[in-house]
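Undergrad: Below you'll find the structure I mean.
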């Protein structure tokens, strides 16, 4: 069941979001509403088309492939079914009573957590169901991503972000990341910086290891001021990610549906009217095209044209029979 979600205003200036086609941008917002509270949704293009884009002449399967190519979503298999996962979903969507899918793989949790703390630290509660929550409840009543979530906690009480940060588990992977990056920087001062959190934050945003490596190499080779901490690489890594997205092949947009040809419509109505006057009307045809019927919507000029055409046919046919059999004329 669809749910109320929050939209962060920063999405509209996100590089990947701006690269996506207009329908793909609309689809990602629709997926937020369709997804469970752990960021998982069922990968069913036809069902998503009916629920999210019923009035648009467009296929959802190519749009999902486009979003997957831009790293907005990721596909995975669980319990014999295909599911999708929305990047950074739990970073911005924090319902009070999360209704989870129960199929999110542990190795993909970081994909939906983002660099912030998601709803993985919010305990399951009794009474959770698929019903949509009242307006404003999706982010704890704060009115959106930028809402003042700690306003109701009272003076001197710790903010919700601070409480979640204290409860958040520490993540592993720093050693592997350091082993990957330190050979790239050699003996530069940054090699002794133990704080790799800026790079980890970029990876949680959805940037790839290839983006990180390309950005670090570009900075080492071209930067005038040599990096002294890992945060100095952020702009270079983001630039590498932007270059990758711009170089990626864009999926062609579906061909526009042609407008009905008025002449073909008129010709069809004329043929049906002629069949009526010939006495060959089929009960399977619509009464809206049958001359003389109360439901008929065929223009009068087409009906009259068909009547005259059938009369002419009959006259020509009679003349031919008279020519072949002169005695028939008398």
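The values are calculated or read from the model by the stated rules, or taken from the named source; none is laboratory data. On a predicted model such as this, the values are computed, not experimentally measured, just so you know. FYI the Cβ positions are ideal-geometry reconstructions off the backbone, even for glycines, and counts take in every protein chain you see.
Undergrad: Report, by residue number, each residue of region 98-135 that is in a loop (DSSP other than H, G, I, E, B), out of contact with any helix residue (DSSP H, G or I) (no Cβ under 6 Å at 6 or more places or on another chain), within 24 Å of residue 201 (Cβ to Cβ) and modelled with pLDDT of 75 or more.
TA: 104, 105
Undergrad: Got a sec? Which of 26, 63, 31 is under 16 Å from residue 89 (Cβ atoms), modelled with pLDDT of 90 or more, assigned by TED's automatic domain parsing to the domain that holds residue 96 and not in a loop (DSSP other than H, G, I, E, B)?
TA: It is 31.
Undergrad: Please determine, by comparing only the residues of region 68-97 that are in a loop (DSSP other than H, G, I, E, B) and under 19 Å from the mean Cα position of the chain (by Cα), which one is nearest to residue 33 (Cα to Cα).
TA: The qualifying residue nearest to residue 33 (Cα to Cα) is 93.
Undergrad: Which of (1) in a loop (DSSP other than H, G, I, E, B); (2) farther than 24 Å from residue 23 by Cβ; (3) without any contact (Cβ under 8 Å) to a residue 60 or more places away in the chain is the odd one out, the single condition residue 55 does not satisfy?
TA: Every listed condition holds for residue 55 apart from (2).
Undergrad: In region 35-46, which residues are under 26 Å from residue 91 (Cα atoms) and assigned to a helix (DSSP H, G or I)?
TA: 45
Undergrad: Identify all residues within region 190-211 that are more than 30 Å from residue 72 (Cβ to Cβ) and either surrounded by 12 or more Cβ atoms within 10 Å (Cβ to Cβ) or in contact with a strand residue (DSSP E or B) (Cβ under 8 Å, 6 or more places away or on another chain) (or both); write none if there are none.
TA: 190, 191, 193
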